[in-house]
Amino acid sequence: MNAIERLIAFWREFDFNAPLRVHPADRLVMNRIKGFDTKFIPYPYIGDIRTADVWVLMLNSNVGFNDAKHEAEPYFADRLSANLLQNFRDLEHPLLSLDPKLRHTGTYEYYNKRNGIGKLVTEYARRSGTTEIEARMDLARRLAIVQLFPYRSTTDVSRSLLGDSLASVRHAKAAVTNALESKLVVVPRSVRAWGFEYGVQREELFTFAASQARSASLLPGGACGGGDAILHRLIGNQPVTGL
């Protein structure tokens with residue numbers, strides 16, 4: 001079993017019915033920490049991390065104003081459970097943040113608008129000669145997001161939680177090392193927390209410059225370059241036009 005499979009197996013031990021939604025291996029540490037809402041299903045990853053060609057590494061997810069209401073909706077709740085278990089049978093959009101049925105949610109708003117993936121879908125459709133509907137489904141299969149810290153925060157995440165104290169963080173880092181063997185790994189934020197240096201541009205790794213990390217934009221044709229690196233990996237080196 002490789003490190004990606006071990007990460008998935010780790011999260012399949014999660015108890016969805018526990019009053020505090022924390023992995024058993026993390027409870028001893030997390031029980032002493034404030035500033036995290038453990039009523040939410042964790043977000044260690046979003047999308048099919050096995051088959052995705054590109055991983056985008058983020059720090060963690062915050063708690064949005066309407067998240068509790070939205071995530072209690074049956075469809076969204078089912079998508080979150082399926083995502084954690086990596087069970088995507090019959091789902092057109094494994095990366096749930098690209099699912100049009102969730103366009104009213106915080107995760108869709110953040111990744112499509114603030115993070116620039118909506119524009120990435122448009123440019124992917126243009127380059128590949130498909131419709132935007134088809135491009136969205138394709139990107140939702142080929143792109144995944146992996147979070148260093150899996151729990152939802154109301155404050156900043158302490159550096160002490162990003163080292164070796166949490167089993168979930170150790171598994172995430174090991175999985176990324178595994179992913180670098182066959183995938184493109186893009187790191188917009190928290191580059192050093194993930195163990196990388198700023199401004200790296202290699203075939204298997206693209207990290208943002210320190211001055212660009214705050215925006216974390218994957219906009220194609222943007223100054224950060226992450227969106228173009230993703231398109232180059234998925235389609236090839238065709239210039240961005242018409243945005």
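Which residues, taken from segment 189-217, are farther than 26 Å from M30 by Cα, modelled with pLDDT of 90 or more, of a type outside the set (S, T, N, Q) and in contact with a helix residue (DSSP H, G or I) (Cβ under 9 Å, 6 or more places away or on another chain)?
Matches in segment 189-217: Y198, G199, E203, E204, F206, F208.
Going by the structure shown, is I33 closer than 22 Å to D164 by Cα, touching a helix residue (DSSP H, G or I) at 6+ places or on another chain (Cβ under 8 Å) and assigned to a loop (DSSP other than H, G, I, E, B)? If you could, list the steps in order and put the result at the bottom.
Working: closer than 22 Å to D164 by Cα: yes; touching a helix residue (DSSP H, G or I) at 6+ places or on another chain (Cβ under 8 Å): yes; assigned to a loop (DSSP other than H, G, I, E, B): yes.
The answer is yes for I33.
From R21, R6, R12, grab the single residue that is of a type in the set (D, E, K, R) and at pLDDT below 95.
From the options R21, R6, R12, the qualifying one is R21.
For I145, work out the one condition from (1) in contact with a Phe, Trp or Tyr (Cβ under 8 Å, 6 or more places away or on another chain); (2) among the β-branched types (V, I, T); (3) under 22 Å from Q86 (Cα atoms); (4) not in a strand (DSSP E or B) it doesn't fulfil.
So the condition that I145 fails would be (4).
Conditions tested, residue by residue: (1) closer than 21 Å to H232 by Cβ; (2) of a type outside the set (D, E, K, R).
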{"site": "Y124", "(1), (2)": "yes, yes"}
{"site": "R136", "(1), (2)": "yes, no"}
{"site": "S165", "(1), (2)": "no, yes"}
{"site": "A175", "(1), (2)": "no, yes"}
{"site": "A179", "(1), (2)": "yes, yes"}
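Tell me, which residue of segment 28-49 that is exposed (fewer than 14 other Cβ atoms within 10 Å of the Cβ) and not hydrophobic (A, V, I, L, M, F, W, C) is modelled with the lowest pLDDT?
G35
Taking D138 as the residue in question, decide whether it is of a type in the set (D, E) and either at pLDDT below 95 or touching a His at 6+ places or on another chain (Cβ under 6 Å) (or both).
no
Of the residues that sit in segment 87-107 and are touching a strand residue (DSSP E or B) at 6+ places or on another chain (Cβ under 9 Å) and surrounded by 21 or more Cβ atoms within 10 Å (Cβ to Cβ), which one is farthest from E134 (Cα to Cα)? Let's see the steps before the verdict.
The first filter runs over segment 87-107 and keeps only residues touching a strand residue (DSSP E or B) at 6+ places or on another chain (Cβ under 9 Å), leaving 94-98, 106-107.
Still in the running and surrounded by 21 or more Cβ atoms within 10 Å (Cβ to Cβ): 94-98, 107.
Values: P94: 13, L95: 14, L96: 15, S97: 15, L98: 12, T107: 20 Å.
Of everything passing the filter in segment 87-107, T107 is farthest from E134 (Cα to Cα).
Working carefully through the options A18, A9, find the one that is assigned to a helix (DSSP H, G or I), among the aliphatic types (A, V, I, L, M) and over 26 Å from L231 (Cβ atoms).
Checking each option against the conditions leaves just A9.
I want to confirm something. Restricting to segment 50-73 and keeping residues that are part of a strand (DSSP E or B), modelled with pLDDT of 80 or more and of a type outside the set (F, W, Y), which single residue is nearest to R233 (Cα to Cα)?
Looking at residues that are part of a strand (DSSP E or B), modelled with pLDDT of 80 or more and of a type outside the set (F, W, Y), I get V54.
The values are calculated or read from the model by the stated rules, or taken from the named source; none is laboratory data. Treat the numbers as computed from the prediction; the structure is a model and nothing was measured. As a convention, Cβ positions derive from the backbone with ideal geometry for all residues, glycine included, and neighbour counts pool all protein chains shown.
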